[in-house]
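Shown next, in structure tokens, is the structure this report addresses.
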Amino acid sequence: MVSVIFPAAGQGKRMHAGFNKVFLEIIGESILLRTLRRFSEVPAVQELVVVTGTDEVAAVRRRLSHVPGLKPLKVVAGGSERQYSVWNGLRQADPQADIVLVHDAARPLVTPKTIEAVIAAAQEHGAAVAAVPAKNTVKIVKDGIVTETPDRSTLWSVQTPQGFHRDILVAANEKAEQEGFLGTDDASLVEHYGMPVHVVMDSYRNIKITTPEDLIIAEAFLRHENGGVRGSLRKVAKRAGAHLSGHCQGKDG
């Protein structure tokens, strides 16, 4: 059995929406619902656990309670940090699940192929993450000065889903809690616990929607999936131009 935990408790300040960004719509459907639908397409997934802000739990339950086609769903309150939110969700997930995935609720473009690949790798190795090779040169900077340029061939941009044997993820969270360790993602907790984490090649389309520009890109990808390539590109160019024009005007003013 596979349970999936979706951290969705962030305030999304960089989106400047004034509310939780996962409720924003892309082509008529919220980011959150699009994400949940992707995982509901995967036969191995049997449970969805959405972790949101304490004051949003009731509203999210209402929004999702009558949506057809979703796998069995729980909505639970998050914590002050993403790590604590996932830990809350893990403690509420079905203990019969042998594999637990963690996926950013703001990544609605993940494919069933990637989800299935991470599940398979987690089953085989115990811990796995979706990731892509870094495209850009990365510099280590201190006090505004470059101190090192790592070999780009060894650098990967880690995404989600991240998948684990349930007992490994529980033990990693318990150790982190005991030691006051705050990781950058769930895989970092498992690394801290001493377990190797395997990488599953993903797609560069599996973006996390964080800023207004990401909404434009996500819409273009979705329209491309639906066959509207030319219209999609025209819309992206128009919206990107409008955004740039507004930014420049604001800067000049």
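The values are calculated or read from the model by the stated rules, or taken from the named source; none is laboratory data. Everything numeric in this text was worked out from a predicted model, so none of it was measured. Positions of Cβ are backbone-derived with ideal geometry, glycine not excepted, and every protein chain shown enters the neighbour counts. Ligands, DNA and RNA are stripped out before the accessible areas are found, and what is left, the full protein with its side chains, is counted by its heavy atoms. Shrake-Rupley method; radii C 1.70, N 1.55, O 1.52, S 1.80 Å.
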(request) Identify all residues within segment 47-77 that are closer than 21 Å to Ile99 by Cα and in contact with a strand residue (DSSP E or B) (Cβ under 6 Å, 6 or more places away or on another chain); write none if there are none. (result) Glu47, Leu48, Val49, Val50, Val51, Lys71, Pro72, Leu73, Lys74, Val75, Val76
(message) Could you go through segment 147-155 and let me know if any residue there is in a strand (DSSP E or B) and either on the phi < 0 side of the Ramachandran plot or surrounded by fewer than 19 Cβ atoms within 10 Å (Cβ to Cβ) (or both).
(response) yes
(message) Please go through segment 156-176 and give me each residue that is open to solvent by less than 10 Å² (accessible area, probe 1.4 Å) and not aliphatic (A, V, I, L, M), ordered by number.
(response) Thr160, Pro161, Gln162, Gly163, Phe164, Asn173
(request) Could you identify the single residue in Gly53, Gly69, Gly163, Gly78 that is at positive phi and out of contact with any Asp or Glu (no Cβ under 7 Å at 6 or more places or on another chain)? (result) Gly69
(request) Would you tally the residues in segment 50-89 being among the acidic types (Asp, Glu) and open to solvent by 40 Å² or more (accessible area, probe 1.4 Å)? (result) 2
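How many of the residues making up segment 177-206 are in contact (Cβ under 8 Å) with a residue 24 or more places away in the chain and either open to solvent by less than 60 Å² (accessible area, probe 1.4 Å) or assigned to a loop (DSSP other than H, G, I, E, B) (or both)?
Summing the residues that are in contact (Cβ under 8 Å) with a residue 24 or more places away in the chain and either open to solvent by less than 60 Å² (accessible area, probe 1.4 Å) or assigned to a loop (DSSP other than H, G, I, E, B) (or both) in segment 177-206 gives 16.
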(request) Taking the residues in segment 6-16 that are surrounded by 15 or more Cβ atoms within 10 Å (Cβ to Cβ) and either modelled with pLDDT under 60 or of a type outside the set (Phe, Trp, Tyr) (or both) as candidates, determine which candidate is farthest from Val50 (Cα to Cα). (result) Met15
